[in-house]
Structure formats: C-alpha cells, structure tokens
1. Within the stretch 234-244, is even one residue closer than 19 Å to H298 by Cβ, in the same structural domain as L173 (by TED's automatic domain parsing), modelled with pLDDT of 95 or more and in contact with a strand residue (DSSP E or B) (Cβ under 9 Å, 6 or more places away or on another chain)?
2. Is it fair to say E73 is closer than 25 Å to I129 by Cα, over 41 Å from the mean Cα position of the chain (by Cα), surrounded by fewer than 17 Cβ atoms within 10 Å (Cβ to Cβ) and at pLDDT 70 or above?
3. Consider D328 carefully, then state whether it is over 32 Å from the mean Cα position of the chain (by Cα) and over 22 Å from G261 (Cα atoms).
4. Can you name the residue in the stretch 157-208 that is exposed (fewer than 15 other Cβ atoms within 10 Å of the Cβ) and among the acidic types (D, E) and is also modelled with the highest pLDDT among such residues?
5. Within the stretch 294-353, can you find the residues that are in a loop (DSSP other than H, G, I, E, B), exposed (fewer than 15 other Cβ atoms within 10 Å of the Cβ) and of a type in the set (S, T, N, Q)?
6. Which condition does I41 not pass, out of (1) under 28 Å from V131 (Cα atoms); (2) touching a residue at least 40 places away in the same chain (Cβ under 8 Å); (3) among the hydrophobic types (A, V, I, L, M, F, W, C); (4) out of contact with any Lys or Arg (no Cβ under 8 Å at 6 or more places or on another chain), if it passes all the others?
7. Working carefully through the options H270, H254, find the one that is closer than 30 Å to S327 by Cβ and either of a type in the set (S, T, Y) or out of contact with any helix residue (DSSP H, G or I) (no Cβ under 7 Å at 6 or more places or on another chain) (or both).
8. So, in the stretch 63-96, of the ones that are in contact (Cβ under 8 Å) with a residue 40 or more places away in the chain and β-branched (V, I, T), which residue ends up nearest to T33 (Cα to Cα)?
Amino acid sequence: MAASFVRFAKILVVSGIGVLSCTLALADVVTLTDGSRLVGIVEQLGDGTVMVTTDFAGKLEIDATKLVAIETERTVNVGLTTGDRLVGPIEWASQADQAVVHTGIGDIAVDLDKVAAIWPLGGKSPEVIAVQAQADAEREQIQAKVGKWSASVEAGAVFKEGNTDVLEARGRLELRKESSVDLLRLYLSGEYGEESKKRSTAEVKGGAYYEHMLGERFFAYIRSEAEYDEFENIDLRFTAALGGGYYWIKQDRHELKTRTGVGYLHESYHNGTSRDTAQLDLALEYRLDINEWLRFTHSTQYFPTFESVRDYRLVVDNALVIPLGNSDVWKFKLGALHEYDAIPQSGKDRLDSTYYGNLVMEIKQQ
C-alpha cells in the first residue's frame, strides 16, 4: 500500500510540473524598438496602444508605434476592420506586411492595416470596453447633476454619580443632498442635562440650508433656523436669511467659503415679550482633510442686528473628525462650540461654551 501511495505521489508531482510548464510556456512576447522583450499576457491592442500584463511590472500600456513584433502562444481574438474576427495565436514582425493567425482551420495571413484590435479569448473587445466606459461616464455626469443623499447621526453623553449627579446628553441628525450645482442640508439637534436631578440644560434646534452654484465659485443661498432654549429664556428664536457667497478653495479634500446675506430675526421669551428685527448674515466655513484619518472643520457665524452695532450673536465651532478603524461609517468627532450673545437675557452669561466628543454614524447613497 505504501508503494502505491508513493507512485500516486510521483504522478501528482510529475503532472503538476507538466501543468506548470505548460502554463509558463503559454506566454506572449512583445518586442519593442529598443530591443526590450516583454513576456506576459497581451490584454489588448487597439487605439494606438498595447496593454501587456507582466509578472515583474504588472500592467503596462505601450505606444503601438514602438512595437517590433508580437507573438502570442495563447489563443486570442483578432478583430479586423471589416468587422470579422479570427481566433487563434498570432505572429507579427515589423519586417512583414502581414500577420499570421493560427486558426483552427489553418494559418490565415492578414494585412497588418486590416488588424483593428487584439484581446484575450473570453475577454471584452476594445469596442465593448469603450461603450461601457462612455456609458459609465454619462451615468456619473447624470448622478453628479442629480446629487446623492447622505445622513449622519451624532450622539454624545456624560453621566456622573457620587457627590454630584450629572447627566448630559446631546444628539444631532443631518440629511444632506449634494450635486455639482446644489447643496441641501436639513438638520435637527438637541441637548439635555441634569445636575443633582434638576434640569440644567434643555435646548432644541432645527433648520434648513440651500445653496445653488452660479458659476465655478459664486453661489446663492437661503437658510432658516428655529431654536428653543429653556435656560436662555427663549421660547422661540427664528431666523431666515438669503444672500450670496464665494468658494475661495473648492477641492475634494480642502474647502473654504464665505457668505454674506441679510435676514430676519424673531425672538419670543418666557416672560411673554418678543422682538423682531433685521440682521446681517455673515459666515465662514472651512474644511481640511489633513490625511486619510483626520479631518478638521471650522465655522464662524456672525449675526449683527440693524438696531445697534453692539447687538449681535457670534457662533464659532471647531472640530476634529476621526474615522474609527477602517470604517467609512463610524467616526468620532471632538470639538468645541462657542456661542456669544452680546446682549443676553437678564441674569444670563454672554458666552456659552460646549466641549463635546460625539460618536458619529454616516451613511452615504451609493
């Protein structure tokens, strides 16, 4: 039985060597004008280029005018300018006016100017690849104009128990649709806190922002926002504004824009009073992808009223966004939000600062 096993093993080894030898032997050879010989697989010849995949350099794209000879031991498709196709290994040298295709019915000589393309058996012809590439490009252009939706959810919480019981929770939901000419953002955020089992924070904010490009850099925008803040004595703060802006930097990984507009402000307070006034709407937004795993964002919003130069609100938000592992969905956002009200309600501080660390889940339309 041992002898039978040894014989079987020898057969496997010999067969493996034979298959490997055949595989290595079935290599295409491309000779160039400088005398170089590329051994590999001719993936495609057409449109003035030849693509060869080699073991040592991967896929190479070569100008067809630099070819001296092609010899394939693999069966390939040879497309002719007449629309016909021959199947078999092909041989061609620059000193010959014709290429020879070794078909199943014998060798067929073809004038070189009649050979339109060469591609592997079972592969896609250059014509099919070109049609698919054009269709993909048209689909991407349509998608860029229509835009894609994305959604992000942020959540952060702090809980302490002991000498002082503290509970703080915050969250934000944002829907975003962006195309090559439009940007739409819908958002809703909230913050709630308790200290020694007494409510210390209760705030809800929601709004919408729409931006339309007027060229490569200029854009027009309109926005609105509604806010409730129990501990600023605000039942409702509603703002609406419209204006224009400019992208000083507009790149995939680096963006800077400013906007200027005029708006309307309505505030109603817990004591039953209210006010309505016009205000300016000024903002700067900046984003920089420092590297693959770190993004910096900054926004400054300045809202001076027309009633007095001393009556304004300033909102500054800085944040670092860090992906968790290799995920495109989960991120960690670490930031600081400063809200300054030059004329706050009686007994309230002008500056309200929030330092946060939020877990972010981001989902994008494919």
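1. Residues of the stretch 234-244 that are closer than 19 Å to H298 by Cβ, as a first pass: none.
No, the conditions are met nowhere in the stretch 234-244.
2. Working: closer than 25 Å to I129 by Cα: yes; over 41 Å from the mean Cα position of the chain (by Cα): yes; surrounded by fewer than 17 Cβ atoms within 10 Å (Cβ to Cβ): yes; at pLDDT 70 or above: yes.
Considered against the rule, which asks whether it is closer than 25 Å to I129 by Cα, over 41 Å from the mean Cα position of the chain (by Cα), surrounded by fewer than 17 Cβ atoms within 10 Å (Cβ to Cβ) and at pLDDT 70 or above, E73 comes out as yes.
3. Working: over 32 Å from the mean Cα position of the chain (by Cα): no; over 22 Å from G261 (Cα atoms): yes.
The answer is no for D328.
4. The extreme case among them is E195.
5. Answer for the stretch 294-353, where residues must be in a loop (DSSP other than H, G, I, E, B), exposed (fewer than 15 other Cβ atoms within 10 Å of the Cβ) and of a type in the set (S, T, N, Q): S308, N326, S327, S346.
6. Result: I41 passes all but (4).
7. Values: H270 fails: closer than 30 Å to S327 by Cβ.
On inspection, the qualifying residue turns out to be H254.
8. Going through the qualifying residues, I end up with I70.
The values are calculated or read from the model by the stated rules, or taken from the named source; none is laboratory data. This one's a predicted model, so the numbers in the text were calculated from it and none came from an experiment. Note: ideal-geometry Cβ built from the backbone for every residue, glycine included; neighbour counts use all protein chains shown.
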